[in-house]
Amino acid sequence: MKKIISIIVFSILLFTFQFSVSQTTAIYRYQIRFTDKNNNPFSISLPQEYLSQKAIDRREKQHLLIDSLDLPVTPAYIDSVKNTGVIVLYSSKWLNSVTIFTTDSLALVHINSFSFVKSIKAVGKILPHQNNSPQYFNSSLRTECGIDNYYGFAFDQIKQVHGQALHEKGFKGQGMLIAYLDAGFQHVDLIPAFDSLRKRNGIIATHDFITGGDSVYEDNSHGAYCLSIVAGNEPGYYVGTAPNADFVLIRTEYASTEFPIEEINWAAGAEFADSIGADVITSSLGYSTFDTVFSGGNTIIFDHTFLDMDGKTNPSSIAANIASTRGLIVCNSAGNSGGESSWRFITAPSDADNILTVGAIDSSNNYALFSGHGPTFDGRIKPDVVGRGVSTWYINTSYGSASEGNGTSFSCPLIAGLTACLWEAHPDKSNLEIMNAIRRSASKYFRPDNNIGYGIPNFAYADLLLSGFNEQSLLSLDSIIVYPTIFSGEIKINLKLNVAEEISIQLFDLSGRLVDEECANAYIGFNELSFQPANLTAGVYMLKVIAGNKIHYEKLVKI
């Protein structure tokens with residue numbers, strides 16, 4: 001929590017160690033933050049000692065410098081903490097901290113006396129490890145697909161954001177590395193939809209920040225659901241948004257409790273993704289309110305407030321921002337509290353700047369009432385874009401069947417996978433250029449709001465923008481309004497002229513083909529013209545209005 005910058009020893013003894021050391025049901029973990037990275041044996045000039053070559057290449061390609069944030073935590077500091085008898089769980093170079101477990105209050109007193117220790121913060125009461133009742137897997141019971149096309153059950157949700165246009169050009173995530181931060185990936189090692197992923201060794205690394213091991217396939221199914229939306233690859237049954245990408249599966253979330261340690265896990269997971277060379281991080285996790293601890297008559301509240309949602313206060317948001325400065329694209333769900341009275345906003349790290357925060361819509365392009373609201377506390381538009389989060393198809397972990405579910409947990413990976421495909425199509429672009437094109441392609445880019453942000457992205461149009469199309473270059477016709485820009489039938493064109501002109505109205509698809517054209521006479525002063533193109537399929541079009549030697553272009557979406 002922001003307000004607890006440091007914890008003096010008296011406070012630790014007062015509210016933390018009212019439990020006896022013998023009480024094994026109470027496990028306490030702390031974040032120890034350091035003042036600096038002095039006396040560090042690692043060097044900025046030798047990044048290969050702590051970053052993979054792929055991570056270094058990503059920085060170099062985007063002209064990003066290695067800096068002190070990339071340096072590991074000073075090993076001598078970690079050793080000093082460890083020598084007090086506590087268990088060091090992991091370190092975070094971006095937060096310059098270690099996370100520890102101890103029930104020894106005197107060890108905390110000792111650690112607090114070190115000159116290089118900036119603060120000690122309690123980050124949660126964690127229950128003993130549980131496997132969350134793993135489901136029995138029986139693929140013989142899975143449902144059949146009655147949809148006759150390549151994508152199977154996933155077709156509509158991909159078409160809604162025109163992701164198939166990238167796939168048709170051959171961009172399905174090849175060569176892209178996507179990192180998942182989640183609560184577990186149960187049965188990913190068994191589910192048929194991941195057969196091709198396993199056979200080509202497309203899961204290049206796994207890590208569990210809850211247990212410290214590398215096995216992530218036993219504990220929770222949420223990550224498997226989200227992974228299937230991107231990596232599922234059974235043509236004719238279910239094909240995800242980036243079926244040819246490679247993946248890093250990272251468990252950072254403990255599903256049974258909610259404490260700030262999970263945000264620090266998130267930061268450590270993002271660092272792991274960066275160091276191994278990931279291009280995209282997708283996370284369907286969010287942090288706002290936490291479990292309350294009652295100890296010796298004291299109540300410990302860890303909750304964030306809306307004031308903390310400024311993109312630079314919460315640990316996970318700090319880490320998401322830093323990941324962006326390392327050249328990654330972070331996609332994070334906006335959260336599912338939009339309909340709640342106690343907390344209706346986005347959750348950390350979705351308040352971070354320069355990431356893609358993803359909200360939810362339904363199959364009719366309507367805002368999903370549960371999707372977390374923006375803006376951030378400092379007034380930035382959030383979410384950035386939206387995807388299908390109502391009746392979204394994914395692969396379940398009981399039978400390997402396609403199932404429907406709701407939540408920004410599902411809209412986020414849908415967008416993340418296509419983001420990876422878009423970057424594959426434009427490898428010379430920076431992470432910021434890719435994200436900006438996605439926002440600019442969206443249905444409400446010029447009129448964003450706090451429900452769906454910039455709106456529904458169109459990946460065919462984003463591809464066009466990144467290919468050199470400049471939608472502002474020919475906006476030379478003054479005093480013109482075209483509406484609705486998302487249309488099903490008639491389009492209105494309001495314009496004001498100083499001379500009478502014959503107006504030419506032309507409509508083009510994204511390949512540049514003229515699909516409809518009409519001429520009309522316009523007069524001096526205000527004119528309202530109607531244009532109703534016929535026999536159009538749903539998709540994105542460019543409207544061209546010509547009046548004399550002046551031209552106006554308008555992006556339209558047919559639904």
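All of the numbers you see were taken from the coordinates with simple rules; none came from a lab. Just so we're clear, the structure is a prediction, and the values are computed from it rather than from any experiment. No Cβ is skipped: glycine too gets one built from the backbone with ideal geometry, and neighbour counts run over all protein chains shown.
Tabulated values for the structure
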read-out: Segment 416-515 - charge dipole about Cα centre, Lys and Arg +1 at Cβ, Asp and Glu -1, debye rounded to 20; value: 260
read-out: DSSP H segments from the chain that extend 30 Å or more along their own axis, Cα-based, with Kyte-Doolittle mean of 0.5 or above; value: none
read-out: Mean separation of Cα contacts under 8 Å (6+ apart) over length of the chain, as relative contact order %; value: 13
read-out: Mean-position separation - Cα centroids, segment 529-543 and segment 174-244, in angstrom; value: 40
read-out: Summed residue charge, Cβ within 11 Å of ASP353's Cβ, Lys/Arg positive, Asp/Glu negative; value: -1
read-out: Cβ-based net charge around ASN38, under 15 Å, with every Lys or Arg adding one and every Asp or Glu removing one; value: +2
read-out: Given charges at beta-carbon only (K, R positive; D, E negative), |dipole| of the chain in Debye; value: 740
read-out: Highest to lowest packing among 304-316, 531-543, 171-183, 67-79, scored as the average C-beta count within 10 Å; value: 171-183, 304-316, 67-79, 531-543
read-out: Relative contact order of segment 147-466, defined on C-alpha pairs under 8 angstrom at six or more residues apart (%); value: 20
read-out: Calculated [θ] (222 nm, deg cm²/dmol) that DSSP helices of n ≥ 4 give over the chain, each run adding -39,500 (n - 2.57); value: -6000 deg cm²/dmol
read-out: Peptide ranges 225-233, 268-276 listed from the most packed, as the mean C-beta count within 10 angstrom indicates; value: 225-233, 268-276
read-out: Values of log10 I(q)/I(0), in the order q = 0.08, 0.11, 0.16 Å⁻¹, for segment 147-466 under a Debye, Cα-only, solvent-free model; value: -0.30, -0.59, -1.33
read-out: Positive-end extreme of charge dipole, the chain - chosen from PRO47, LEU190, TYR454 (charges on Cβ); value: PRO47
read-out: Convex hull projection area averaged over all views, segment 480-558, Cα basis, nm²; value: 4.6
read-out: Reach of LYS172 by Cα under 19 Å, taken over lysines that are not fewer than 8 positions away in the same chain; value: LYS159, LYS199, LYS429
read-out: Inverse mean reciprocal Cα-Cα distance (Kirkwood Rh) of the chain, Å; value: 25.1
read-out: Per-peptide average of other Cβ atoms within 10 Å, ordering 281-292, 498-509 highest first; value: 281-292, 498-509
read-out: Among beta bridges that DSSP assigns inside the chain, antiparallel share in %, nearest 5; value: 70
read-out: Segment 480-558, relative contact order in percent, only Cα pairs under 8 angstrom and at least six apart counted; value: 34
read-out: Residue pairs, from the table LYS169/LYS492; LYS312/LYS558; LYS82/LYS125; LYS54/LYS382, whose Cα atoms sit over 29 Å apart; value: LYS169/LYS492; LYS312/LYS558; LYS54/LYS382
